[in-house]
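S.K.: I'd like to ask you about the structure that follows.
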Amino acid sequence: MNDLQPDVVSRYMAWAKLRSNARFNLAISGVIDYPLAELPVQIEDLEIGGTGPYGYAPLMERLASKACVPENCVVYTLGASMANYIALSAVLSRGDEVLIEQPTYDPLLTILRQLGAKIRRFERRADHGFRLDLEELERQLTPNTRLVILCNLHNPSSTLTDDATMRRVGELAAKVGARVLVDEVYLETLFDQPRRSAFHLGSNFITTASLTKAYGLSGIRCGWILAQPDLVQRMWQIVDFTYGSPVHPAERLGIIALDNLDRIRSRARSLLETNRALVNAFLSDHPELDCEPSRFGTTVFPRLKAGRVTDFVEMLRDHFETSVVPGEFFEQPQHFRIGFCGATDTVRGGLERLSDALKSFHQKQE
Ligand SMILES: Cc1ncc(COP(=O)(O)O)c(C=O)c1O
């Protein structure tokens, strides 16, 4: 850790890695791991080495065809995390002005600080269901804005931005000569209404995504960036700083996963459908929380109407063996994030405990 730059630390990531675990873990945002044993993989399908210098050709073909783009618009990365880091490093120089949504996924902000960007924010209001407000976005754009950043689906609320709104974001950004980076890692969870990437909405869009969250494949780290070919060149040059030859077994597993995505998708779809019904029943039974019912994604982000969330989350963990993400990590201290993408028994048990904890918390406050 760099003591000279204390603000260039993702407190959220440190918390998520070290402190978020609990018997009933509702702090996760990715579908629980897909069992390797259920993938049709033989040891002969894996190999230690043997790759193209800039992406393993069979994998690059599949990623390009999945996204309906030419291969020279794709950078393969280890997850959306690396995709965001590489993409932002490629398009930003120190002092560049960037407009990023609030609330947002904390590592995006941390990367911007690390890169020395000048950060401006546009608000996604809780009382508007965290929907994108184009007028607010336009108000916050300046002639100096170089990049606009948002997540679709939004993290933490899982709110969807439709194509028409997203296209307008691209047009507004283009007016001041800015690009738009859309983190689409959760867009993959729209199983029944698959969306094309925002990359297709205008030449100033860059998108990042991965197979990690929607499919329970975090360990394979199969991620990608879609960008115009000149930027892709620059991004591969930045990938050069991170490795010479990639993790080839992961590339091979990525191919096997992509070739079997239908079966992986159907397991995730049925898990999320079941769990979404549970979380929606929970929300409608708890008027002490303010939250629209879940329609998309893997998380909801309710507001606790009374009492301090930090106290509530601590009590939930210490006395009810259940974890959620405190809203402070999303700059929304009156909210907390519930992930309903774990095993159904865990989600059910966690929601029951959340109910008991809310009752006990409010009794103590009376
Ligand atoms: C918005 C967003 N982008 C990226 C990531 C990281 O994705 P990956 O696991 O593919 O690195 C996360 C993880 O929580 C996320 O919420």
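S.K.: When you check ASN155 against the structure, is it within 15 Å of the ligand (Cβ to nearest atom) and among the polar types (S, T, N, Q), yes or no? Walk me through it before giving the result.
M.R.: Values: within 15 Å of the ligand (Cβ to nearest atom): yes; among the polar types (S, T, N, Q): yes.
In short, yes.
S.K.: Go through region 167-206 residue by residue and tally those that are within 16 Å of the ligand (Cβ to nearest atom), of a type in the set (D, E, K, R) and closer than 17 Å to CYS68 by Cα.
M.R.: Adding up the residues that qualify gives 3.
S.K.: Further question: Checking GLU314 against (1) within 25 Å of the chain's Cα centre (by Cα); (2) over 21 Å from ASP127 (Cα atoms); (3) surrounded by 14 or more Cβ atoms within 10 Å (Cβ to Cβ): exactly one of these is not met. Which one?
M.R.: Among (1) within 25 Å of the chain's Cα centre (by Cα); (2) over 21 Å from ASP127 (Cα atoms); (3) surrounded by 14 or more Cβ atoms within 10 Å (Cβ to Cβ), GLU314 violates only (3).
S.K.: Turning to a different aspect of this structure: Which ranges mark the helices (runs of 4 or more DSSP H) fully within region 1-115 that have 3 or more residues being out of contact with any strand residue (DSSP E or B) (no Cβ under 7 Å at 6 or more places or on another chain), away from the ligand (no atom under 16 Å from the Cβ) and polar (S, T, N, Q)?
M.R.: Here the list is empty.
S.K.: Could you pull out every one of the helices (runs of 4 or more DSSP H) wholly within region 200-273 that has 2 or more residues that are surrounded by fewer than 24 Cβ atoms within 10 Å (Cβ to Cβ), more than 21 Å from the chain's Cα centre (by Cα) and not polar (S, T, N, Q)?
M.R.: Working: elements: 212-215, 229-239, 248-259.
Those helices (runs of 4 or more DSSP H) span 229-239, 248-259.
S.K.: Sticking with this one: What is the residue count in region 295-322 for residues that are under 24 Å from ILE32 (Cα atoms), out of contact with any Phe, Trp or Tyr (no Cβ under 6 Å at 6 or more places or on another chain) and in a strand (DSSP E or B)?
M.R.: 2
Every number in this text was worked out from the coordinates using simple rules, so none of it is lab data. Quick caveat: nothing in here was measured; it's all calculated off a predicted structure. Glycine gets a Cβ as well: all are built from the backbone with ideal geometry, and neighbour counts include every protein chain shown.
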